[in-house]
1. Take the residues of segment B:188-208 that are touching a residue at least 60 places away in the same chain (Cβ under 8 Å) and in a loop (DSSP other than H, G, I, E, B): which is surrounded by the most Cβ atoms within 10 Å (Cβ to Cβ)?
2. So residue B:260 fits all but one of (1) surrounded by fewer than 17 Cβ atoms within 10 Å (Cβ to Cβ); (2) facing chain A (nearest Cβ under 10 Å); (3) within 29 Å of residue A:38 (Cα to Cα); what number is the exception?
3. If I go through segment A:206-221 residue by residue, how many of them are in contact with a strand residue (DSSP E or B) (Cβ under 8 Å, 6 or more places away or on another chain) and within 11 Å of chain B (Cβ to nearest Cβ)?
4. Considering only residues that are assigned to a helix (DSSP H, G or I) and of a type in the set (A, V, I, L, M, F, W, C), look in segment B:209-219 and name the one that is modelled with the highest pLDDT.
5. Let me confirm something: among A:295, A:291, A:238, which residue is closer than 30 Å to residue A:168 by Cα, crowded, with 16+ Cβ neighbours inside 10 Å and not aromatic (Phe, Trp, Tyr)?
6. Does any residue of segment B:285-301 turn out to be in a helix (DSSP H, G or I), of a type in the set (Ser, Thr, Tyr) and touching a helix residue (DSSP H, G or I) at 6+ places or on another chain (Cβ under 7 Å)?
7. What do you reckon, is residue B:248 crowded, with 18+ Cβ neighbours inside 10 Å, under 30 Å from residue B:140 (Cβ atoms) and facing chain A (nearest Cβ under 8 Å)?
8. Would you mind finding the one in B:266, B:274, B:224, B:308 that is touching a strand residue (DSSP E or B) at 6+ places or on another chain (Cβ under 8 Å), of a type in the set (A, V, I, L, M) and surrounded by 15 or more Cβ atoms within 10 Å (Cβ to Cβ)?
Protein chains: 2
Amino acid sequence: MNADWIEQVRAGNPRAVARAISAIERGGEEARHIIAAIFRFTGRAHIIGVTGAPGTGKSTLVNEIAKQYRRRGQRVGIVAVDPTSPFSGGALLGDRLRMQDLAGDAGVFIRSMATRGSLGGLAAATADAVKVLDAAGFEIVLIETVGAGQNEVDIARNAHTTLVVEAPGMGDDIQAIKAGIMEIADVLIVNKADHEEVGATVAALEMNLNLKPKTENEWRPPVLKTIATTGQGVAEVVEWIGKHRAYLQAHHLIHARERARARAELERIVQHELMARLLRGVNGTKFDALVEQIVARETDVYAAAEQLMG
Amino acid sequence: MNADWIEQVRAGNPRAVARAISAIERGGEEARHIIAAIFRFTGRAHIIGVTGAPGTGKSTLVNEIAKQYRRRGQRVGIVAVDPTSPFSGGALLGDRLRMQDLAGDAGVFIRSMATRGSLGGLAAATADAVKVLDAAGFEIVLIETVGAGQNEVDIARNAHTTLVVEAPGMGDDIQAIKAGIMEIADVLIVNKADHEEVGATVAALEMNLNLKPKTENEWRPPVLKTIATTGQGVAEVVEWIGKHRAYLQAHHLIHARERARARAELERIVQHELMARLLRGVNGTKFDALVEQIVARETDVYAAAEQLMG
């Protein structure tokens, strides 16, 4: 990248931002160099995680939320995390439709992140892409994740405010309750609220919230209804995001969230790097030999791990 | 545990098996001692992973598959992995219904595993619970996971044969394609095949399979239709599991799968243990101070990681 790339990123130049994120996806020295150069310009964006099962209409909802912020004059970055394998071929129809919908608005930057190698790598690349958008002056950054697995939750949690999206009538269980992601929700949204079973889904979520022991001054997630396809209820979502942000500030919790995020990120990087060092130090043949011993039931995996670490 | 526990586990005594798995869930020295004692009796079971989104009816399907194996005279262990948080309170209604359905059959052992702490810990406990069931002489072990996140996929992958369950009409995208889990499927199942949109879901899955570049002798996952609530199509699922097993044996791939599994497990344990050792060695204050420096944007997380590892 040329000499003034960092000024171009900070000015929000879309090509410079896109190239920085691509470099981050490739990883390695260049990625670390970018983060080292921009981290001091981060910390201004309000980061919003959006998670929910496929079919809840959460991509449409994210688009509508972005439009609401645009009407309020704020610049919006969107990171759509899609753990689609190389096999199924990258960006899906939904992403292309989305591009059309918001295309031509320089105040919106959209980026899909796909799995390259491990999901751990995806989490790291997502966190770093958010830093680029933050440094590029996007006041709002939305991170959208497809699933409700722990990794997706970790990605969404990389946020100040987390929205959990449900849709009624998707089966006999509610994704958020079943997958245990209720407790990371700051705002619960039942999308597709024109569906007849919406009342039952809202009631089930409310009931679960009521089961939770309360502490004083604790944030109580609202359960909101939206119809993303018509935009109905989306302004209220944005209002509640604002209320949550104000709550975090009033209770000095922004710093606590940042600290938890920094801690998790530091642990992840150290863990990965320690393993890489061990594997560089250990004779590859020794590792393979231990694997064969486990397969042959000559040693158990914990004993093999002890041997490997000396 | 008393002196002859290992004989009791090997004899398939349900109380001994349950207690061994409970000890494994608690972790620590006792868990390692159990694994060290039983690993040499493992390697006999055919391990079947079953994954799919909530609402696909996969618990019912797992029950029906278990019944099919019982009719064939085989003993069946089921590990239902439920990443339900402590918050939502452990075993759900579905598990209790399931217990009633298969209760009283000594040839079936069912165990729900819930998240205690990290999902990484859950993956380890699940792998070890499967070893206990294997050592206890269950010829078939089914591992059922709720989600389609990478961690759930890793858990299901701890298997010789992996079933991916879909249901028609759950939204505008197909979970398996969207989440990139097609390539781990050995058998694709569209459950709730009495639903009108079943044809479209089958066609979408078949189309994706056809997109995949073929190599000679490669396994081609069948796309099967079932109605788990009536048992329809389940015998065919069990036949295809048998075909897949025969394929693995004919192409000497059982050993390759075992090796990949042992390698992944060894890496996971070493990574966890290295981190624990680092944290024991590092002054807690130093770690905290680095976190604060990251939050204050005085250092970036990669530079902090370098400092921590010296």
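1. Taking segment B:188-208 first, the residues touching a residue at least 60 places away in the same chain (Cβ under 8 Å) are B:189, B:191-192.
After this cut, where a residue has to be in a loop (DSSP other than H, G, I, E, B) as well, the list is B:191-192.
Values: B:191: 29, B:192: 25.
Going through the qualifying residues, I end up with B:191.
2. Here residue B:260 meets the rest and fails (3).
3. Quick first cut of segment A:206-221, residues in contact with a strand residue (DSSP E or B) (Cβ under 8 Å, 6 or more places away or on another chain) only: A:206, A:209, A:221.
Checking the rest, the ones that are also within 11 Å of chain B (Cβ to nearest Cβ) come to A:209.
So the count comes out to 1.
4. The qualifying residue modelled with the highest pLDDT is B:209.
5. It is A:238.
6. no
7. Working: crowded, with 18+ Cβ neighbours inside 10 Å: yes; under 30 Å from residue B:140 (Cβ atoms): yes; facing chain A (nearest Cβ under 8 Å): no.
No: the conditions fail for residue B:248.
8. On the way: B:266 fails: touching a strand residue (DSSP E or B) at 6+ places or on another chain (Cβ under 8 Å); B:274 fails: touching a strand residue (DSSP E or B) at 6+ places or on another chain (Cβ under 8 Å); B:308 fails: touching a strand residue (DSSP E or B) at 6+ places or on another chain (Cβ under 8 Å).
Step by step, each of B:266, B:274, B:224, B:308 is checked, and only B:224 is touching a strand residue (DSSP E or B) at 6+ places or on another chain (Cβ under 8 Å), of a type in the set (A, V, I, L, M) and surrounded by 15 or more Cβ atoms within 10 Å (Cβ to Cβ).
The values are calculated or read from the model by the stated rules, or taken from the named source; none is laboratory data. For clarity, every value in this text was computed on a predicted model and none was experimentally measured. Positions of Cβ are generated from backbone atoms using ideal geometry, with glycine treated the same way; all protein chains shown enter the neighbour counts.
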